[in-house]
Structure formats: C-alpha cells, structure tokens
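**Q** Dropping a structure here in structure tokens format, bear with me for questions.
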Amino acid sequence: MYLDYFGLTELPFGITPDTSYTYVTASHQEALNTLLVALNSGEGFIKITGEVGTGKSLLCRRLLQTLPAGAVSAYLPNPFLTPRTLMLALGEELGLALVPTIDDYHLLQRLNHALLEMAGAERPVVICIDEAQAMPLETMEALRLLSNLETEKRKLLQIVLFGQPELDEKLAHPSVRQLLQRIAFHYRLQGLAKEEIAAYLGHRLRVAGYRGDELFAKGAARALHRASGGTPRLVNILANKALFSVFGEGKRLVKARHVRKAAADTEGARSPGWW
C-alpha cells in the first residue's frame, strides 16, 4: 500500500460514505438547505435524486446529523420490502416492541399511537429512505397511507426519499400519482464542478493525514473531471488508482497520464481516447 510512502494515516479516496471526509460542494449544500427548509415547513414528502455515486447516502447521513435535538429519525437503507415488512421495520426503527405475529390493524394502531406521543412531546419524526427507486409500487402506496396520520396542526411524520433518477420514472406510474402530488420539495444532486475538483482532492488528502506538497498536478485534476464527469465516487476510484500508479513508479506527483491509465482500467469512466 502507498500510505507510508505518501505519509498518509488512512486511504484518502475510499468509496464508503464517511462524513469525516465531507467536502461541501455547491450542489450538496443546496440540497441540504432544501431538506432543512422542507422539514422546517412540515412538508410530508421530500425527494432527492441523483446519479449513481453523486453522494446521496452521504447527504442522508449529513441530514441525520443536522436534525435538532429531540428529533426522532428512522433510516431505511434497503426499502425493497413488502408493505407489512416496511411497517415492521419502521416500528423497529422507532423503538417499538412489536411481535412478528401482530396483525396489520394493530400494527398500524401501534405506529399511530407512538407517533401521536412523539408529536405531543414536540419530537418531530423524520424517516429517511435510501435507494428509494427499489421500493415496490404497493409499498410506496402503503407509505403514502401512513403519511395520512396527522393532527389538526401538522403531519405526524416526514419522509425523505433518496434515489436514483429511476425513482422519477417509478413515481410517474398512475398507481402512485397521489404520492407524487404530495412531494412539495425536491432536488437533483449534481456532480463536482470542474473548479471544485482540486479543492476536493486536497481536502480528502488533508483529512487522511497528507502534509506534503501538491500531489495532483493541474492537468491531473482536469483529467479526473473529464474521466469522471464530476461523479465523486468515480473521482475517488480514479484518484486511488492514479496514486497506486505513481507509487509504483516511485514518483511524487500525479499527472494526467496516470489518470488516463486509471480511466482505461475503470468501468464507467469516460474513454481517455478523446482527450
């Protein structure tokens, strides 16, 4: 590994969402601001979409960390569930002791009572659903029905859907048109802008312990943007491979040719042939 060679304490370009490496891009900050405004206004459904690797899961974690003290949050990373299983999962996330044999009527009743108690204690409930495009249509409809629970003043829970662009296609289905009409706020995440790449690379390197001179040449940063289209996950994959290449040569500076080599070896990266 190249950690000791570059004076790093850990890998700077991992692909697992890690809030300690968060670099606040313009798009991510706008998305977070949209979420906070929507939650503050009491809207029932909020939607965030973005291509694979644009940082939706990271944004979800940032949101959960930003919620006010006393707020109750539920996080569902895999919503490919039947309606009943979704209700059981939500009950578990909300801390309810539910027996698997409970019937649907009493399950919904338990959820309603729990949400009413939290509302009475001024504890907002936020449900974050990641990979929402994988949710079956009948489960989406069950989620809409659950969102009907409300007091005279406000909704008992707010639901944030994070998903790939396929989520928009699924929400266009006639069977969930009522859910689509309830989405008052939405935002489409974008990748890193060309002018953000160098700062992004430098930020992640500093968090990983790097204290040396500039490690990525300007040409390498431009090449990374071209090859990745600004998608953070692809930037990380390519930057990691480029560092391996430089390490193998015994060099200290990543150049455009190292990025081209990494791109040629990476599925999903743009072909280097047109540069």
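**Q** Putting +1 on Lys and Arg Cβ atoms and -1 on Asp and Glu Cβ atoms, find which of Leu94, Ala119, Leu179 reaches farthest to the positive end of the dipole of the chain.
**A** Going by the charge dipole, the pick is Leu179.
**Q** In the Gaussian network model of the chain, springs joining C-alpha atoms below 10 Å, which of Ser147, Ser228, Ser20 carries the largest mean-square fluctuation?
**A** In this elastic network of the chain, the residue with the biggest mean-square fluctuation among Ser147, Ser228, Ser20 is Ser20.
**Q** Can you tell me which of Asp168, Asp130, Asp213 moves the most in a GNM of the chain? Springs connect C-alpha atoms under 10 Å apart.
**A** Comparing Asp168, Asp130, Asp213 in the GNM, the peak value goes to Asp213.
**Q** Can you pull out the GluC sites (Glu not before Pro) in region 111-214 whose DSSP state is coil and whose Cβ has at most 14 other Cβ atoms within 10 Å?
**A** Hits after loop and neighbour filter: Glu122, Glu152.
**Q** Using the Karplus curve 6.51 cos²θ - 1.76 cosθ + 1.60 with θ = phi - 60°, work out ³J(HN,Hα) for each residue of region 181-191 in order, rounded to whole Hz, and write x for Gly and Pro.
**A** Running phi through 6.51 cos²θ - 1.76 cosθ + 1.60 with θ = phi - 60° gives 5, 8, 7, 8, 10, 8, 8, 10, 5, 10, x Hz.
**Q** Right, something else. What is the sum of charges around Ala198, taking Lys and Arg as +1, Asp and Glu as -1, for the other residues whose C-beta is under 11 Å from the C-beta of Ala198?
**A** 0
**Q** Test of understanding: in a Gaussian network model of the chain with alpha carbons linked when under 10 Å, which of Ala217, Ala31, Ala132 would top the mean-square fluctuation ranking?
**A** Maximum fluctuation in the GNM of the chain, among the listed residues, is at Ala217.
**Q** Which order do the peptides 258-266, 40-48 take when ranked by the mean count of other beta-carbon atoms within 10 Å per residue, highest first?
**A** Per-residue Cβ counts within 10 Å, averaged per peptide and sorted highest first, yield 258-266, 40-48.
**Q** Give the residue list of trypsin sites (Lys or Arg not before Pro) in region 205-247 that are DSSP loop and have at most 11 other beta-carbon atoms within 10 angstrom.
**A** Counting only loop positions with at most 11 other Cβ atoms within 10 Å, the trypsin sites (Lys or Arg not before Pro) in region 205-247 are Arg211.
**Q** Once you list every other residue whose beta carbon is under 10 Å from the beta carbon of Ala31, what net charge do they have if Lys and Arg are +1 and Asp and Glu are -1?
**A** +2
**Q** Among the lysines in the chain, how many pairs, 8 or more places apart or on different chains, have alpha carbons under 13 Å apart?
**A** 6
**Q** A further question follows. For P(r) over Cα pairs in 5 Å bins from 0, in percent, several values are listed as (1) 1, 5, 11, 15, 17, 16, 13, 10, 6, 3, 1, 1, 0, 0, 0, 0; (2) 1, 6, 14, 20, 21, 19, 12, 5, 1, 0, 0; (3) 1, 5, 12, 15, 15, 13, 10, 8, 8, 6, 4, 2, 1, 0; flag the one computed from this structure.
**A** Checking each listed value against the structure points to (3).
**Q** Run lengths n ≥ 4 of DSSP H only: what is the helix-derived mean residue ellipticity at 222 nm for the chain, with -39500 (n - 2.57) per run over all residues, to the nearest 500? Let's see the in-between values first.
**A** Numbers: 12 runs with 128 residues, N = 275.
Calculated from helices alone, the mean residue ellipticity at 222 nm is -14000 deg cm²/dmol.
Throughout, read-outs are computed from the coordinates displayed, never taken from laboratory work. On a predicted model such as this, the values are computed, not experimentally measured, just so you know. As a convention, Cβ positions derive from the backbone with ideal geometry for all residues, glycine included, and neighbour counts pool all protein chains shown.
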